[in-house]
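See below for the structure under consideration.
Every number here is computed from the coordinates shown, using simple stated rules; none is lab data. All of these numbers come straight from a predicted model, not from anything done at the bench. Here Cβ is always computed from backbone atoms with ideal geometry, including for glycine, and neighbour counts include all displayed protein chains.
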Protein chains: 2
Amino acid sequence: MATIKDVARLAGVGLGTASRVVSGKGSVSPATLARVRAAIEALDFRPSHAARTLLSGSSQMIGVYIPVLSGTFYTPILQIIDNELRAAGLHMVVAFGAGLGGARQQAIEGIAFLIERGCDGLILMTNVLQEEDIAALRFQHKRMVVLNHSFDSLAGQCFTVDHMLGGRMAARTLLDHGHREIAVVAGPASLPDNVVRVNAFLDELRANGVDTASLWVTERDFSPAGGWSAAKELMDSKHPCSALFCANDEMAVGALSYFQEAGIRVPHELSVIGYDDTPSAEFSAPRLTTVHMPWREMTQNGINALLNSCYDLQRPVTRGYPVTMTLRASLASHAEAAKPARRRKPA
Amino acid sequence: MATIKDVARLAGVGLGTASRVVSGKGSVSPATLARVRAAIEALDFRPSHAARTLLSGSSQMIGVYIPVLSGTFYTPILQIIDNELRAAGLHMVVAFGAGLGGARQQAIEGIAFLIERGCDGLILMTNVLQEEDIAALRFQHKRMVVLNHSFDSLAGQCFTVDHMLGGRMAARTLLDHGHREIAVVAGPASLPDNVVRVNAFLDELRANGVDTASLWVTERDFSPAGGWSAAKELMDSKHPCSALFCANDEMAVGALSYFQEAGIRVPHELSVIGYDDTPSAEFSAPRLTTVHMPWREMTQNGINALLNSCYDLQRPVTRGYPVTMTLRASLASHAEAAKPARRRKPA
DNA sequence: AACATGGCTGGGAACGTTTCCAAAAAGAGA
DNA sequence: TCTCTTTTTGGAAACGTTCCCAGCCATGTT
């Protein structure tokens with residue numbers, strides 16, 4: 001690879017002049033400019049990023065940690081991040097959870113890997129870290145941002161969505177459609193944001209006179225397979241219900257798959273609603289009614305805040321994004337439901 | 001950030017000694033070792049990656065170009081790449097298509113961005129590049145690998161799957177199940193791998209006496225929305241058919257969504273098969289029969305080949321991976337199909 | 001003619017490592 | 001005690017940039 005010295009030699013100029021042409025800063029006579037440009041072209045010179053990083057102390061790289069890239073929740077977020085960073089001339093380095101340890105250990109290792117790599121800033125998307133882990137990251141010094149989870153000790157750098165409101169809206173929507181016998185597939189109890197949304201969901205039902213203790217509630221791992229098995233268990237239990245709330249879309253999609261297989265018609269016999277409004281909800285069969293979480297706004301504002309603190313910018317940062325319901329075919333009014341919930345039809 | 005000089009000073013040793021402790025190469029007396037280790041600990045010293053890169057000429061970074069991160073096709077591949085690289089102590093830098101230009105222009109820019117960044121090697125996943133674009137990449141020098149597409153000028157560095165066999169197997173499977181009136185939703189005609197699979201599919205049908213000219217064939221953009229609209233168009237056309245072949249799973253999932261909405265029972269009234277066997281096929285409603293492409297093996301071997309050429313390793317590299325059919329509920333034998341294809345049921 | 005002004009230019013220093021090489025220290029054998 | 005070998009140590013050089021400073025040359029001013 002040609003260096004700037006080669007360029008200077010070929011063009012017959014000094015290092016300083018060559019550097020001025022490359023960076024575009026400082027004055028250079030037109031004739032020299034042309035000569036150096038020609039040399040750059042001839043040698044296919046590309047400035048070494050490592051040298052620049054070493055000198056400037058800034059790698060122009062942002063690290064992103066994501067526990068696992070399955071499902072469709074993280075993909076749009078990653079896409080947004082990359083687009084924004086590219087537009088700012090920055091690069092995205094991604095680390096997923098890897099290795100043998102548990103999720104928490106994986107997160108710690110993955111983040112350490114990113115820090116070691118000299119990232120200017122970090123975007124973390126994990127909810128398995130503890131406050132003490134955050135404290136252990138001496139890196140913290142304002143150069144990181146957490147999406148979709150909130151740490152008390154880092155509140156200003158956390159960008160999350162209102163899961164309490166989300167859970168409540170899910171409940172409200174079902175109540176408004178006349179449902180009172182509602183089954184629930186929660187996510188892992190170890191994930192705070194899941195707990196918040198499910199509790200808010202149940203609270204809202206309770207506030208409207210539903211005896212939540214009698215509801216069928218189970219817990220799965222946010223995967224389609226989990227949703228499928230939960231749906232099967234629910235049907236096998238013959239617990240009466242007219243609607244099913246899944247704490248994320250992935251599980252709802254899995255549940256829909258089971259219901260189709262078992263011949264249970266959604267939403268005629270059973271309404272299903274999800275949570276997140278991921279791309280997979282749009283073309284499920286039937287299309288899934290789901291709580292639209294403003295992850296787009298959340299991501300965008302998180303990026304803005306991070307870039308502000310890393311590069312002294314003044315990008316706008318707002319908080320408190322609207323949560324809405326995306327109404328699709330998987331939800332029907334209980335009155336419309338022609339048949340009782342548990343009635344099976346032979347496929 | 002503490003530098004190795006700070007460590008040396010605090011420990012009261014020379015730079016060389018400090019460096020030896022950090023890298024673990026060269027002999028150091030036990031007493032000194034302990035002293036330097038203590039200093040490293042005290043200062044929370046982390047070697048600068050930029051300085052190492054500058055000196056060694058190797059960034060330990062692998063760039064990955066992916067046109068767009070939507071759907072579930074690329075996600076498992078990315079996950080595999082990251083896991084492998086991490087295990088090898090390397091880092092993954094990802095670039096997606098971005099900017100205003102067309103797909104080809106975006107790919108060229110994205111790849112240039114990665115090269116400029118000093119990646120040791122590149123993994124490219126795009127099928128919109130032309131031979132001339134590849135030729136223009138002077139980087140080519142063996143340090144890159146192409147997945148899921150083959151360039152004549154770069155055959156040794158391309159890792160792809162047998163789309164001709166894939167297309168044929170899809171056809172064979174439908175024929176074996178008694179289908180002869182088959183509709184086809186192809187992908188973009190601009191993508192060579194799509195053309196190969198669809199042509200092979202049609203060829204196989206033709207070889208078995210099917211008049212392919214009379215088949216209903218359309219072209220979409222590999223998206224669920226495309227599959228949905230194609231399914232609607234097919235139904236509206238009332239063209240007789242007992243099965244639908246979609247050139248990727250995403251479109252098949254979209255089609256299933258439409259069929260559910262329109263009250264067309266799959267597979268009883270119409271069988272649907274997809275292509276790729278992405279995760280989204282496993283829990284669709286109904287579960288999707290699809291051509292299982294060995295993208296896992298393809299990716300793994302591509303990575304191995306790249307690391308071999310970048311770091312002089314001897315990882316095993318093989319070619320020619322088995323294509324299989326993943327049989328699921330969306331396919332039924334034509335004999336079993338109770339009703340003619342186009343019969344609508346009021347939802 | 002002497003002098004100030006400003007545009008251009010060249011090269012040294014620094015960024016934080018690692019890799020040498022030479023020198024010092026420590027053993028080992030006679 | 002002396003010499004020979006081996007281990008341990010310190011520091012210069014290099015990697016490829018950019019930044020800064022000093023010097024050069026052509027103009028314009030007095």
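With a 10 Å Cβ neighbour count serving as the proxy for reagent exposure, in which order, fewest first, do B:Ile115, A:Ile273, B:Ile108, B:Ile182 appear? Working shown, then result.
Numbers: B:Ile115 17, A:Ile273 29, B:Ile108 20, B:Ile182 24.
Least crowded to most crowded, the residues run B:Ile115, B:Ile108, B:Ile182, A:Ile273.
Which FRET efficiency value, to the nearest 0.05, is calculated for A:Arg180 and A:Lys25 with the Förster distance at 51 angstrom and r the Cβ-Cβ distance?
E between A:Arg180 and A:Lys25, to the nearest 0.05, is 0.15.
State the number of lysine pairs found in chain A whose Cα atoms come within less than 24 Å, restricting to pairs 8 or more positions apart or on distinct chains.
So the count of such lysine pairs works out to 5.
When only alpha-carbon atoms are used, what values of Rg and Dmax, in angstrom, describe the range A:4-56?
Reported Rg and Dmax, both Å: 10.7, 32.
Among rounded, prolate and oblate, which fits chain B when a ≥ b ≥ c are the square roots of the eigenvalues of its C-alpha gyration tensor, a/c under 1.5 means rounded, and a/b larger than b/c means prolate?
prolate
What is the list of residues in the range A:292-309 whose amide nitrogen lies under 20 Å from a point 7 angstrom out from the Cα of B:Ala225, following Cα to Cβ?
Taking a point 7 Å out along Cα→Cβ of B:Ala225, the residues of the range A:292-309 whose backbone N falls under 20 Å are A:292-297.
What are the residues whose amide H is under 5 Å from the amide H of B:Leu69, where those residues sit 5 or more places off or on another chain and H is modelled from the backbone?
For B:Leu69, no residues qualify.
How much of the calculated P(r) for the range B:61-160 lies past 16 Å, in percent of all Cα pairs?
That tail contains 54 percent of the Cα-Cα pairs.
Antiparallel versus total DSSP beta bridges in chain A: what percent is that, nearest 5?
If we restrict to bridges inside chain A, about 10 percent are antiparallel.
Averaged over peptide A:283-292, how many Cβ atoms belonging to another chain are found within 10 Å of each residue's Cβ?
5
Looking at the protein assembly as shown, what % of its DSSP beta bridges pair antiparallel, to the nearest 5?
Just about 15 percent of them are antiparallel.
Using only alpha carbon pairs under 8 Å that are at least six residues apart, calculate the relative contact order of chain A and give it in whole percent.
15
List the residue from chain B whose beta-carbon is nearest to the axis that rotates chain B onto chain A, together with that distance in whole Å.
Smallest Cβ distance to the axis, with its residue: B:Ala285, 2.
Give me the one-decimal nm value for the distance between modelled label points at A:Tyr311 and B:Ser58, 7 Å along each residue's Cα-to-Cβ direction.
Each label point lies 7 Å from its Cα, and together they span 3.1 nm.
Rounded to the nearest 5, what % of the DSSP beta bridges within the range A:54-172 are antiparallel ones? Provide the component values of the computation, followed by the final result.
Numbers: 0 of 15 bridges.
Here the share of antiparallel DSSP bridges comes out near 0 percent.
Under a point-charge model restricted to the Cβ atoms of Lys and Arg (+1) and Asp and Glu (-1), what is the dipole moment magnitude of the range B:69-123 relative to its Cα centre, in debye to the nearest 20?
Dipole magnitude for the range B:69-123 comes out near 100 debye.
Between beta-carbons, use under 14 Å as the cut-off and find the net charge around B:Thr160, counting Lys and Arg +1, Asp and Glu -1.
Values: positive: B:Arg197, B:Arg296, B:Arg319; negative: B:Asp152, B:Asp162, B:Asp193, B:Asp276, B:Glu297.
In short, -2.
Would you mind putting A:249-257, A:186-194, B:191-199 in packing order, based on average other-beta-carbon counts within 10 Å, highest first? Walk me through the intermediate numbers first.
Numbers: A:249-257: 30.0, A:186-194: 17.8, B:191-199: 19.7.
Per-residue Cβ counts within 10 Å, averaged per peptide and sorted highest first, yield A:249-257, B:191-199, A:186-194.
Can you tally the net charge around A:Thr290? Count Lys and Arg as +1, Asp and Glu as -1, for every other residue whose Cβ sits under 10 Å from the Cβ of A:Thr290. Could you put the intermediate results ahead of the total?
Numbers: positive: A:Arg287, A:Arg328; negative: A:Asp249, A:Asp276, A:Asp277, A:Glu282.
Result for the local shell: -2.
Among B:Ser56, A:Ser19, A:Ser284, which comes first, second and so on when ranked by fewest other beta-carbon atoms within 10 Å?
B:Ser56, A:Ser19, A:Ser284
Hey, got the average number of other protein chain Cβ atoms within 10 angstrom for residues in A:255-268?
Mean shielding count: 3.
Arranged by the count of other C-beta atoms within 10 angstrom, fewest first, what order do B:Thr75, A:Thr289 take? All intermediate terms of the calculation are to be shown ahead of the outcome.
On the way: B:Thr75 23, A:Thr289 26.
Ranking B:Thr75, A:Thr289 by Cβ neighbours within 10 Å, fewest first, gives B:Thr75, A:Thr289.
Which of rounded, prolate or oblate describes the protein assembly as shown when judged by the alpha-carbon gyration tensor and an a/c cut-off of 1.5? Walk me through the intermediate numbers first.
Details: a/c = 2.27, a/b = 1.43, b/c = 1.59.
Here the protein assembly as shown falls in the oblate category.
Show that you can apply the helix-only estimate: for the protein assembly as shown, add -39,500 (n - 2.57) for every DSSP H stretch of four or more residues, divide by all residues, and state [θ] at 222 nm to the nearest 500.
Working: 26 runs with 304 residues, N = 694.
Calculated at 222 nm, the ellipticity per residue is -13500 deg cm²/dmol.
Once you keep just the Cα pairs under 8 angstrom separated by 6 or more residues, what percentage relative contact order results for the range A:220-327?
Details: 167 pairs, mean separation 23.1, N = 108.
Answer for the range A:220-327 is 21 percent.
Applying a 10 Å radius around every beta-carbon, put B:5-14, B:300-309 in order of their mean neighbour count, most first.
B:300-309, B:5-14
Taking K and R as +1 and D and E as -1, what net charge do the other residues with C-beta under 14 Å from the C-beta of B:Val22 add up to?
+3
Return the long-range amide H neighbours of A:Asp162 (sequence gap of 5 or more, or a different chain), with a cut-off of under 5 Å between placed amide H atoms.
Here A:Tyr321 satisfy the definition.
Please compute the average number of Cβ atoms from other chains found within 10 Å of each residue's Cβ in peptide A:214-226.
1
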